[in-house]
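Trainee: One structure follows; several queries about it will come next.
The values are calculated or read from the model by the stated rules, or taken from the named source; none is laboratory data. Quick caveat: nothing in here was measured; it's all calculated off a predicted structure. Cβ placement follows ideal geometry from the backbone for every residue including glycine, while neighbour counts extend to all protein chains displayed. All accessible areas refer to the heavy atoms of the entire protein, side chains included, with ligands and DNA or RNA removed. Shrake-Rupley method; radii C 1.70, N 1.55, O 1.52, S 1.80 Å.
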Amino acid sequence: MHHFDKDFNLKKELIHVNHAAVAPWPVCTQNAVKAFAEENTTQGSLNYLQWIEQEASLKILLKQLINADSVDEIALLKSTSEALSVVAYGIDWQAGDTVITSAEEFPSNRLLWLSLEQFGVNVKLISYQSHEDAEQKIIDACDDTTRLISISAVQYASGRKMNLKRIGTHCEQKNILFCVDAIQQLGALEFDVNEIKADFVAADGHKWMLGPEGLALFYCRSKHIEMLKLNQYGWHMIEQMHDFNSTDTTPAKSARRFECGSPNTMGIVALRQSINLLLSTGMDQVEKAVLKNTRFLLEAFSNNDKLEILSSTDVDKLSAIVVVRHKEKNNDELFEYLKNNHVLCAPRGGGIRFSPHYYTPEETLQKLVNLLKF
Ligand SMILES: Cc1ncc(COP(=O)(O)O)c(C=O)c1O
């Protein structure tokens, strides 16, 4: 029996099933941020070189988390939206190019592409019902004009885990760029950028990676780093970043070229601890525990005939997200009732979305199940 919750310190009465929104921090992260605050207060940046080491160390951990070939393919940006924007506004679009995404995407990964219509880019928004073969629908929507497909690894509202390898393999064969919003998967389920053949990956750290808001991973496959047009400029992104007198504006060869100014050191200190915890627990163990929790909720909810499960139940589409609707209570009423009973969750996807993480104890889930029996 694992006691993963020993690394967390949530209030006893709280039923935190909202990692698909904003996660709590582990205790090790709290301690690291406290120590960093103490350090800043008492000695400022005396040990700035150690801060740079932390940044380098976080990139190594992120490389490991996604199985990238090199840390040079990783940039630390401020949000998923910013990372996706680096891609969308970095490509030299031609009028008539097509982008394919899903109608169910979170706005960051939908509105962004629609905004490219100003350059003559056509956007196809693919919708699919839960029983449909979403990957095939996406593949079938491709034609000679398709330049890029952007899709979430796990859909935020339906919890559907996509078969990214299938889409990525098609993209590779047809020379289509493949962009993945991985925020609902990284830190919860195993992820391998090479297996799925992604060209770009974006994910903020504040959900399953258990970090604070405002620090995101951007992965850019090395062969595309120089292809993306740069829309921001600053000292930190220059190849010779330490030569302050230089007039050479050549950007870094690595993905550091996408980081124009000073790093978010406080975020780095925090996220590094959180990811270190996940990796030292082992992402295989994390994934196993996450799916066990999902199955527990699905099983319990399917035994409650007042509830309708709206999220994916197919074994190969399971994620850490479960969405249900009550047949007699509307969502606002149900959400209010849950909130009053210390359940932290979110109204999404036409129901209430529950998203426990690997450490959430079964007894906490059982309390939630009991609260829904009325
Ligand atoms: C699929 C998906 N993408 C992106 C985001 C948020 O993006 P950002 O990091 O830009 O705030 C969310 C948050 O709910 C999400 O669910």
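Trainee: Determine whether segment 149-160 contains at least one residue that is more than 16 Å from the ligand (Cβ to nearest atom) and in contact with a strand residue (DSSP E or B) (Cβ under 7 Å, 6 or more places away or on another chain).
Mentor: No, that holds for no residue.
Trainee: Looking only at segment 326-349, how many residues end up being open to solvent by less than 60 Å² (accessible area, probe 1.4 Å), within 17 Å of Val22 (Cβ to Cβ) and touching a His at 6+ places or on another chain (Cβ under 7 Å)?
Mentor: Counting residues in segment 326-349 that are open to solvent by less than 60 Å² (accessible area, probe 1.4 Å), within 17 Å of Val22 (Cβ to Cβ) and touching a His at 6+ places or on another chain (Cβ under 7 Å) gives 0.
Trainee: Among the residues of segment 30-39, are any of a type in the set (Val, Ile, Thr) and farther than 17 Å from Asn276 by Cα?
Mentor: Checked segment 30-39: no residue is of a type in the set (Val, Ile, Thr) and farther than 17 Å from Asn276 by Cα.
Trainee: Can you name every residue in segment 60-70 that is touching a helix residue (DSSP H, G or I) at 6+ places or on another chain (Cβ under 9 Å), open to solvent by 40 Å² or more (accessible area, probe 1.4 Å) and in contact (Cβ under 8 Å) with a residue 60 or more places away in the chain?
Mentor: Gln64, Asp69
Trainee: Kindly provide the set of residues from segment 86-115 that are among the polar types (S, T, N, Q) and either within 15 Å of the chain's Cα centre (by Cα) or closer than 18 Å to Cys142 by Cα (or both), ordered by number.
Mentor: Gln94, Thr98, Thr101, Ser102, Ser108, Asn109 - these are the residues of segment 86-115 that are among the polar types (S, T, N, Q) and either within 15 Å of the chain's Cα centre (by Cα) or closer than 18 Å to Cys142 by Cα (or both).
Trainee: Counting only residues that are assigned to a loop (DSSP other than H, G, I, E, B) and more than 11 Å from the ligand (Cβ to nearest atom), which one in segment 212-222 is nearest to the chain's Cα centre (by Cα)?
Mentor: The extreme case among them is Pro212.
Trainee: To continue, here is another question. I'd like to know if segment 206-218 contains one or more residues that are of a type in the set (Lys, Arg) and farther than 20 Å from Arg110 by Cβ.
Mentor: For segment 206-218, residues of a type in the set (Lys, Arg) and farther than 20 Å from Arg110 by Cβ: absent.
Trainee: Give the number of residues within segment 102-128 that are within 11 Å of the ligand (Cβ to nearest atom) and either of a type in the set (Phe, Trp, Tyr) or touching a Ser or Thr at 6+ places or on another chain (Cβ under 8 Å) (or both).
Mentor: Of the residues in segment 102-128, 8 are within 11 Å of the ligand (Cβ to nearest atom) and either of a type in the set (Phe, Trp, Tyr) or touching a Ser or Thr at 6+ places or on another chain (Cβ under 8 Å) (or both).
Trainee: Out of curiosity, is Leu298 over 19 Å from Val22 (Cβ atoms), assigned to a helix (DSSP H, G or I) and open to solvent by 10 Å² or more (accessible area, probe 1.4 Å)?
Mentor: For Leu298, the condition - over 19 Å from Val22 (Cβ atoms), assigned to a helix (DSSP H, G or I) and open to solvent by 10 Å² or more (accessible area, probe 1.4 Å) - is met.
Trainee: Okay, next question. When you check Val180 against the structure, is it within 11 Å of the ligand (Cβ to nearest atom), out of contact with any Pro (no Cβ under 9 Å at 6 or more places or on another chain) and among the β-branched types (Val, Ile, Thr), yes or no?
Mentor: yes
Trainee: If you check Ile309 against the conditions, is it within 25 Å of the chain's Cα centre (by Cα), of a type outside the set (Lys, Arg) and open to solvent by 10 Å² or more (accessible area, probe 1.4 Å)?
Mentor: yes
Trainee: When you go through Ile275, Ile309, Ile268 one by one, which is the residue that is among the β-branched types (Val, Ile, Thr), touching a residue at least 12 places away in the same chain (Cβ under 8 Å) and in contact with an Asp or Glu (Cβ under 8 Å, 6 or more places away or on another chain)?
Mentor: Ile268
Trainee: Turning to a different aspect of this structure: State which residue is farthest from Met283 (Cα to Cα) when the search covers only segment 312-336 and only residues that are without any contact (Cβ under 8 Å) to a residue 12 or more places away in the chain and in a helix (DSSP H, G or I).
Mentor: Of everything passing the filter in segment 312-336, Glu333 is farthest from Met283 (Cα to Cα).
Trainee: Can you name the condition, by its number, that Gly168 falls short on among (1) more than 9 Å from the ligand (Cβ to nearest atom); (2) among the small types (Gly, Ala, Ser); (3) part of a loop (DSSP other than H, G, I, E, B)?
Mentor: Every listed condition holds for Gly168 apart from (3).
Trainee: Just the residues that are open to solvent by 100 Å² or more (accessible area, probe 1.4 Å) and either part of a loop (DSSP other than H, G, I, E, B) or within 16 Å of the ligand (Cβ to nearest atom) (or both), please, taken from segment 223-239.
Mentor: Glu226, Lys229, Asn231, Tyr233 - these are the residues of segment 223-239 that are open to solvent by 100 Å² or more (accessible area, probe 1.4 Å) and either part of a loop (DSSP other than H, G, I, E, B) or within 16 Å of the ligand (Cβ to nearest atom) (or both).
Trainee: Hey, could you check segment 1-47 for residues that are of a type in the set (Lys, Arg) and assigned to a helix (DSSP H, G or I) and say which is least open to solvent (accessible area, probe 1.4 Å)?
Mentor: Restricting to residues being of a type in the set (Lys, Arg) and assigned to a helix (DSSP H, G or I), the top hit is Lys34.
Trainee: Looking for something closer than 24 Å to Ala95 by Cα, touching a helix residue (DSSP H, G or I) at 6+ places or on another chain (Cβ under 6 Å), open to solvent by 10 Å² or more (accessible area, probe 1.4 Å) and touching a residue at least 12 places away in the same chain (Cβ under 8 Å) - is there at least one such residue anywhere in segment 144-165?
Mentor: No, segment 144-165 contains no residue that is closer than 24 Å to Ala95 by Cα, touching a helix residue (DSSP H, G or I) at 6+ places or on another chain (Cβ under 6 Å), open to solvent by 10 Å² or more (accessible area, probe 1.4 Å) and touching a residue at least 12 places away in the same chain (Cβ under 8 Å).
Trainee: Within segment 173-190, is there a residue that is open to solvent by 20 Å² or more (accessible area, probe 1.4 Å) and either in a helix (DSSP H, G or I) or within 21 Å of Gln30 (Cα to Cα) (or both)?
Mentor: Scanning segment 173-190, I find at least one residue that is open to solvent by 20 Å² or more (accessible area, probe 1.4 Å) and either in a helix (DSSP H, G or I) or within 21 Å of Gln30 (Cα to Cα) (or both), so the answer is yes.
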